[in-house]
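Take a look at the structure set out below.
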Amino acid sequence: MNPETIETILLVDDDDALLEVLSEYFKLKGRYRIITASNGMDALSIIKGETVNCCVTDINMPHMGGLELAEQIRKIDNTIPVIIMTGFPSLTNSIKTLQNGVVDFLVKPVQFDQIELSIQRVFQQRKLFIENILYKKEAESKAKLEKLNRELHLKVNELNILNRIMSDLTETSSGSDVFRRVTEMTITLTPATEARFYIINEASKHPFEVTSAFKQPADHHNSISHKISKPATSSDSKNISDRNEQRSVLNEFLQTIAADGIPLLVAENHAPIQLPTGICSFIAVPLSIQEKVFGLLTAAIKNDNKFFSPKDLYYTKFMLKRAAYVIENWALYENIYENLLSTLYALVNALEARDSYTQQHSIRVAALSTVLGKEMNLTSEELDILNVAGRLHDIGKIGVRDDILLKKGSLTSEEILEIEKHPLTGANIIEQLGLWEREQIIIKHHHERFDGKGYPDGLQRNNIPFLARIMAVADACDAMASDRVYRKGLPSDGVVEIISEEAGLQFDPDVVNVFKKVYHQGSLKLYLPGKK
Ligand SMILES: [Fe+2]
């Protein structure tokens, strides 16, 4: 027989004769290894020392009885079946109460074959019992796995959100854009129904709201398609004084948070903190730049049975840290940008300073272009472009030789061609810097003519960039009004007359009309040579 199929049975009884007979009986069966012990104590030390598959024990023994032995065995290994032989059937209930582990009982006097049957039965039960334990363990590890999986999903989700915050803020193009994104993301990533960003620092003291975002009421319960909207400016005069009072309480509250510099989460507003009515959950996170509070993000859930969690606070804190980093970078970049621009302006000034007739020409062209642009209702961004392009429009003259540029007499046709390269040279200089793309286009085309006879590309009418058409008028006006070595500068009415005659030829008639309007308003002379 395969030794692995031989079961070891421990027989425990204080009756040596019985032990001997039982041992012989089971040995003869050939599939059992028999160990004997005359009391519970001896039996326990055997069990601690070697593998026992089943224990058959008398109930009454000196030192340790069968019931206690069964209990002790259960503590050591609750998969070892114990069969208790008792002469008192009334004890069977007590034996059953042992329950844990596999226990059977036999009422004395017992037949040997009955013992064997019982052994086979408890082995079967043991098998089931072990299977049950394994199944339980499997279920437990499955539950653990599922828990880990859920945690992993949460982590992945969190990472996705953090990544999104990182990339959304990296794509911003200015400080104010950062604030707008922060409020929009707060609305999208948290249950906030409104988010506001305030500038608040030592200088401003009072919080100044710069941007806000609101969740559309229709989408309250749709966590995916949150819409962002600007707040409606309230014309509702009802309860204005109440609102003013609430606002001043809130402002005071925000000032305290900004002064502390510590983020705040009011998960459920039970009013120990005085917040405006209707706010059931509130978050405020300061934005610090170079360790100084610069602004404050607030997020609120209004009239909704939802509350912020520490996770929401964590996201908003992360967002503002990232925003501070982006703004610091922007400040650094804008500094470089300003430096570079100053260098270029200085270059143009130096260029113009060599010729007393063109001194300050670019500054005046920039100023006049901007005045015309304002009159034509250009955006502030377009006016900025006009200003920078005006200041730099002749920077390409750096590439023209001095003997041509500063020549007193009339120019040969080759020399004229050389000078006419300056718009392209200027555009190339700006292009190499990788900045000011729109300014670069104006610089390139500031000598185009409306009738297509200009340079460098001979563009016509609306094909000429609009801002370049404005600058062409300002440039020509300043050139005509400036003194030259061979002539005095024209008076403003003379300039206006020539420019008017050139409407539709050299110049865009619409720009000429605006130019005349500025002249009639009397403000043109402010931008002519000698006036500034
Ligand atoms: Fe020019």
- If the chain between ASN163 and GLU418 were fully extended at 0.36 nm per residue, the gain over the current Cα-Cα distance would be 86.5 nm
- Charge dipole (debye, nearest 20) of the range 3-134; +1 at Cβ of Lys and Arg, -1 at Cβ of Asp and Glu: 460
- Note on the structure: Other residues with Cβ under 12 Å from the Cβ of ASN157 give, with Lys and Arg +1 and Asp and Glu -1, a net charge of +2
- Quarter of the surface of the C-alpha convex hull for the range 3-134, i.e. direction-averaged projected area in nm², equals 7.5
- Note on the structure: Given pairs LYS48/LYS142; LYS155/LYS311; LYS408/LYS516; LYS215/LYS306; LYS147/LYS321; LYS29/LYS75 and cut-off 23 Å on Cα-Cα distance, the over-length ones are LYS48/LYS142; LYS408/LYS516; LYS147/LYS321; LYS29/LYS75
- Give, in nm to one decimal, the length gained when the segment between PHE307 and GLN111 is fully stretched (0.36 nm per residue of separation minus the Cα-Cα distance). 63.3 nm
- If each K or R counts +1 and each D or E counts -1, the residues other than GLU50 whose Cβ falls under 15 Å of its Cβ total -1
- Between THR170 and SER288, Cβ-based FRET efficiency (R0 22 Å, step 0.05) works out to 0.70
- Message: Can you give me the distance in nm between label points at SER380 and ASP510, each placed 7 Å from the Cα along the Cα-to-Cβ direction?
- Response: 2.4
- Against the globular-protein guess of 2.2 N^0.38 Å, express the Cα radius of gyration of the range 397-532 as a ratio, rounded to two decimals. 1.09
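None of the figures in this text is laboratory data; all of them are computed from the coordinates on show. No experiment lies behind these values; they were computed from the predicted model shown. A quick note on method: Cβ atoms are made from the backbone with ideal geometry, for glycine too, and the neighbour counts reach across all protein chains shown.
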